[in-house]
Number of protein chains: 2
Amino acid sequence: MDAVQDEAAGKRARGLDRAFEILDFLRQKRQALKPNEIAAQIGAPRSSVYELVNLLLSNGILEFTGGEGRVYLGRKLYFLGAAYENHFDFTRECEAALEQLADETRETAQFCMLDGNKYTVVRMREGARPFRISTDIGQSVPIPWTASGRLLVAHLSDQDILNFIPPQDFRLPGGEWLEPQTFIAEVRQAEREGLFTFNSIVDSFTHCFAVPVRGEEGHAAATLCLVTPRDDGIANRDRYLDCLKKAAAGLEHAPARPRRN
Amino acid sequence: MDAVQDEAAGKRARGLDRAFEILDFLRQKRQALKPNEIAAQIGAPRSSVYELVNLLLSNGILEFTGGEGRVYLGRKLYFLGAAYENHFDFTRECEAALEQLADETRETAQFCMLDGNKYTVVRMREGARPFRISTDIGQSVPIPWTASGRLLVAHLSDQDILNFIPPQDFRLPGGEWLEPQTFIAEVRQAEREGLFTFNSIVDSFTHCFAVPVRGEEGHAAATLCLVTPRDDGIANRDRYLDCLKKAAAGLEHAPARPRRN
DNA sequence: TGTTTTTGTCCGCTATATTGTACATATGAT
DNA sequence: ATCATATGTACAATATAGCGGACAAAAACA
């Protein structure tokens with residue numbers, strides 16, 4: 001059923017894929033779970049999950065926590081993630097860019113990337129506004145629901161976009177159906193203009209601005225976004241876009257530096 | 001040859017173990033490598049490594065980077081690591097503790113943990129001194145080489161310690177042999193006193209101070225350390241230890257908070 | 001130019017990892 | 001007390017994953 005993996009049905013799953021399915025599931029749940037619960041909720045054989053969980057535990061990829069035999073992501077993953085972050089050293093500059101955006105606009109600023117075939121907020125700086133942002137950091141959101149999504153898939157061909165995005169993700173949170181062709185048209189428009197803005201699909205009171213942060217290959221490796229109240233956003237549109245473009249330009253000079261050592 | 005895993009010789013390796021061996025190896029190398037190089041350097045069959053690398057690439061665990069087909073740790077690992085960090089929310093308080101230590105002592109302060117059966121510096125705050133610290137963040141160091149190492153294994157029995165630490169890690173960087181029984185005696189002493197200090201084994205000009213940061217189970221989940229010039233360290237010993245204990249106490253109140261959601 | 005090394009792919013064999021099933025225990029409901 | 005559910009372990013069957021080795025292209029070298 002999953003459009004990306006799970007080729008055929010009734011086949012045996014590879015241990016590695018199952019393992020990372022477990023890890024992703026724990027990340028999504030954001031809490032420690034018992035092996036039994038994991039097996040039930042991801043629809044995997046219990047014996048397999050127990051075997052894999054024990055393997056991952058002995059490698060430090062998972063850890064016992066929360067008692068009752070519950071497990072969650074382990075320290076080893078933290079170390080590996082830190083190594084990634086260190087290599088593609090975007091964190092420091094990213095925080096600076098968000099800081100700058102927050103200062104200049106007083107709005108919520110986000111740094112977003114793709115996580116597989118989903119959109120995710122990697123870092124966020126809350127604005128001075130009194131309302132809360134609907135997406136939390138690290139949560140996976142369907143690409144079509146977001147302004148950034150238009151930019152993050154713009155390097156793909158129309159067909160590749162359709163293959164890449166799970167079909168059910170075109171069902172918007174309100175239940176409406178976003179015609180894929182409409183989405184693609186917006187992608188191409190965003191690509192031409194180097195930005196995308198719209199009234200948020202996820203809620204009814206925000207306006208979203210997104211500009212690309214281009215990586216080594218020239219396409220949008222990430223985006224910088226502002227999430228604003230609708231009237232403020234529309235009133236300050238040009239200024240906000242200028243701020244975003246300025247901040248994005250500051251991020252683009254050295255997306256992946258060679259390593260110092 | 002690896003004392004910890006690789007039970008018997010001539011056996012087939014499990015894919016999952018090989019996969020994480022690859023990931024750890026890349027982390028240790030801290031650079032993108034070709035699959036061929038990886039296979040050669042970790043002593044694994046080339047065909048297996050190619051298969052695994054491709055699997056990991058398609059899962060976002062590895063990424064192409066650096067050209068020439070080289071691969072390095074992928075974005076997915078960053079997300080998983082961020083989820084871990086978010087769950088066991090030690091980062092913020094940890095930075096505050098290091099900041100405080102740096103202010104009070106002007107020396108290099110480190111937050112250290114075990115990574116498997118090695119010691120590693122998780123976060124560091126450089127002091128005002130003009131010399132550099134010998135261990136970089138994220139590098140794996142044999143446990144017996146470090147002051148913190150005495151504290152981090154103190155919850156294990158003598159026999160478990162010997163099983164846990166690879167025998168060759170008792171060979172010090174200078175080539176001398178540290179008798180395991182000597183090490184264990186120092187572990188027990190550190191356990192009793194709740195601290196360990198010594199002239200660094202790794203270099204000839206620093207003195208190291210370490211105190212435990214106790215986790216849920218009551219044993220040292222991490223350590224806070226100071227690395228100082230020898231004469232300064234010895235002159236300020238009592239004050240430095242007070243600072244460390246104070247900072248460690250500040251970290252211990254909520255090692256793993258329940259999650260908010 | 002010929003030779004060696006590096007790099008990547010392909011394929012068949014077989015050791016084994018995944019899985020269904022059965023079993024055992026604890027917990028909770030009635 | 002009885003039944004049902006949740007949780008973890010043990011084990012055998014077989015689909016397959018890991019491995020060795022063959023092959024080929026490209027790069028390095030002589």
### Query
Does any residue of the stretch A:182-196 turn out to be in the same structural domain as A:Leu226 (by TED's automatic domain parsing), crowded, with 18+ Cβ neighbours inside 10 Å and not in a helix (DSSP H, G or I)?
yes
### Query
Looking at this structure, is B:Leu172 free of Cβ contacts under 8 Å to residues at least 40 places away in the same chain, hydrophobic (A, V, I, L, M, F, W, C) and more than 14 Å from every other protein chain (Cβ to nearest Cβ)?
yes
### Query
Does B:Arg75 qualify as being surrounded by fewer than 20 Cβ atoms within 10 Å (Cβ to Cβ), of a type in the set (Lys, Arg), more than 16 Å from DNA strand C (Cβ to nearest atom) and free of Cβ contacts under 8 Å to residues at least 60 places away in the same chain?
no
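Filter the stretch B:139-152 down to the residues that are surrounded by 20 or more Cβ atoms within 10 Å (Cβ to Cβ) and outside any helix (DSSP H, G or I), then identify the one that is modelled with the lowest pLDDT.
In this case the residue turns out to be B:Val141.
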### Query
Which condition number in (1) modelled with pLDDT of 95 or more; (2) more than 12 Å from chain A (Cβ to nearest Cβ) is the one that B:Ala96 fails?
(1)
### Message
Is it the case, given these coordinates, that B:Arg12 is within 16 Å of DNA strand C (Cβ to nearest atom) and either more than 12 Å from chain A (Cβ to nearest Cβ) or touching a residue at least 40 places away in the same chain (Cβ under 8 Å) (or both)?
### Response
yes
### Message
When you scan the stretch B:42-55, do you find a residue that is basic (Lys, Arg) and either closer than 18 Å to A:Arg18 by Cβ or within 14 Å of another protein chain (Cβ to nearest Cβ) (or both), even just one?
### Response
no
### Message
If I filter the stretch B:19-65 down to residues being under 21 Å from B:Ser140 (Cβ atoms), surrounded by fewer than 19 Cβ atoms within 10 Å (Cβ to Cβ) and of a type in the set (Lys, Arg), which single residue comes out as farthest from DNA strand C (Cβ to nearest atom)?
### Response
B:Arg30
### Task
Tell me which residues, restricted to the stretch B:64-87, are of a type in the set (Phe, Trp, Tyr) and at the interface with another protein chain (Cβ under 8 Å from one of its Cβ atoms).
B:Tyr72, B:Tyr78, B:Phe79, B:Tyr84
### Task
Kindly indicate whether A:Glu93 is under 22 Å from the mean Cα position of the chain (by Cα) and under 30 Å from A:Val153 (Cα atoms).
yes
### Task
Go through the residues of the stretch B:30-42 one by one and say whether even a single one is among the small types (Gly, Ala, Ser) and within 16 Å of DNA strand D (Cβ to nearest atom).
yes
### Summary
Scanning the stretch A:197-217 residue by residue, those closer than 20 Å to A:Ile161 by Cα, in contact (Cβ under 8 Å) with a residue 60 or more places away in the chain and surrounded by fewer than 23 Cβ atoms within 10 Å (Cβ to Cβ) turn out to be A:Glu217
### Message
Yes or no: the stretch B:221-228 includes at least one residue that is without any contact (Cβ under 8 Å) to a residue 12 or more places away in the chain and of a type in the set (Ser, Thr, Tyr).
### Response
no
### Query
Any chance the stretch A:18-33 includes a residue that's modelled with pLDDT of 95 or more, among the charged types (D, E, K, R) and more than 26 Å from B:Gly116 (Cα to Cα)?
no
### Summary
Scanning the stretch B:99-134 residue by residue, those assigned to a loop (DSSP other than H, G, I, E, B) and away from every other protein chain (no Cβ under 12 Å) turn out to be B:Arg106, B:Glu107, B:Glu126, B:Gly127, B:Ala128, B:Arg129, B:Pro130, B:Phe131, B:Arg132, B:Ile133, B:Ser134
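The values are calculated or read from the model by the stated rules, or taken from the named source; none is laboratory data. It should be emphasised that the depicted structure is a prediction, and the values quoted were computed from it without experimental measurement. Heads up, the Cβs are rebuilt from the backbone with ideal geometry, glycines too, and the neighbour counts pull from every protein chain shown.
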